[in-house]
Every structure is written in structure tokens, then in C-alpha cells.
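Participant: This is the structure I have questions about; it appears just below.
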Amino acid sequence: MEKKLVFGYLAAILIICLLAVLFGGFVIVFASVLVLFEKCFFGRISIIPGIEFTTLATILVTMKYGMLVGILFVIFIPLVVPTIINAIIGEKGVINPNFQFIGIGFGNFLDILCVIVISLLSKMDIIWVMLIILLLKHGANFVVERIKGVTFSFSSIGIPINVLFNLSLVYFFHSFWMGLIV
């Protein structure tokens, strides 16, 4: 990759981070770090299906800043920025055979729908919001897989792990999350 291109990518990431810090505050920076960690680093070595931080980050950003910022967040942070970072890093350190360098698909549209639902549920406790969003995401993915004719996929193995992981994160760190979004 050309040095000018790498420098341009790094400059763009730096500008995005700076704008997030200046205008967004701690929650959007924290949520962005969680998502970028998952999409660029943890995803490369993850051998346990179902461990993800995007749902929690989306809930935090949407409950703190509202629907518009939530939609912008799920478009740019999980989709655009990791694509740039993964292009810079390349194939270094990839152990996970299911790692995706560019993760565009039904899940991106589902994340936008989840932002709308989160904004409608923003007066509820974060545990209930997480439970409803997990049911929505996994239910929608189940329906789409059945429409495609898929009777079994390895992503189905990660569903119980994902639900337990995310609900445990929200339950055990409940006061921390509530302190962030209030």
C-alpha cells in the first residue's frame, strides 16, 4: 500500500477521533473504542462465536445522544472506520477463519432498525433495552436465514453465548452504564 494512502487513512481516523472527542464526549469515544476493538483486533483472533460489543455500544450512544447520532454511529463506526483500519493492517494476525475485513450486509440495516427501537425504549432500564434488542436482532436473523433456506449455521451456536455475554455485561456493570447515559 502506498505511503500517501496509509497517511491519508491515518489522518482521516485521527480527524474522526478528534471530532468525536470534541463534540461527542466520553460515551461516544468509549463506544467507538469498544466497536473498533471488536471489529479490528478481537475479531481477528476470536475463536468463541457470539462475543461482540457493537450492540452495547449502539445502546449506549443512542440512549445518550438520541436517534440521529445513533444512526450516524452505526453507519460510520462499525462499517466505515474498521474497513479503513483493516485495509491498513491487512491480513496480519488473523486466526479466526470467519473474520470479515468488510462487514456490510443485513446486520447493518438491522443496526439502524435497532437504533430506532432503542430511541423508542430510551426511558426503560438498559437491561430491558438490551434484552429487547437481542431478541429483535436474533429473531430477525433467524427469519432471514429461514427465508434464504438455511437450516443451520455456525452463527446459531453463538446466539446463547451472545445473549449471556451481553446481558451479563449490562447486569454486572449496570451502575457504570447508567452513570454514562444519564
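Please treat every number below as a calculation from the coordinates, not as lab data. All values reported here derive from a predicted model rather than from experimental measurement. Cβ sites come from the backbone with ideal geometry, for glycine too, and all protein chains shown count toward neighbours.
Participant: When the residues of region 136-182 are narrowed to those that are aromatic (Phe, Trp, Tyr) and in contact (Cβ under 8 Å) with a residue 24 or more places away in the chain, which ends up farthest from Leu34 (Cα to Cα)?
Facilitator: Phe154
Participant: Mind listing just one residue for me: the one in region 72-105 that is more than 20 Å from Val33 (Cβ to Cβ) and of a type in the set (A, V, I, L, M) and, of those, surrounded by the most Cβ atoms within 10 Å (Cβ to Cβ)?
Facilitator: Val94
Participant: Also: For the structure I just gave you, tell me whether Val117 is touching a residue at least 24 places away in the same chain (Cβ under 8 Å), within 16 Å of the chain's Cα centre (by Cα) and part of a helix (DSSP H, G or I).
Facilitator: Criteria not met by Val117.
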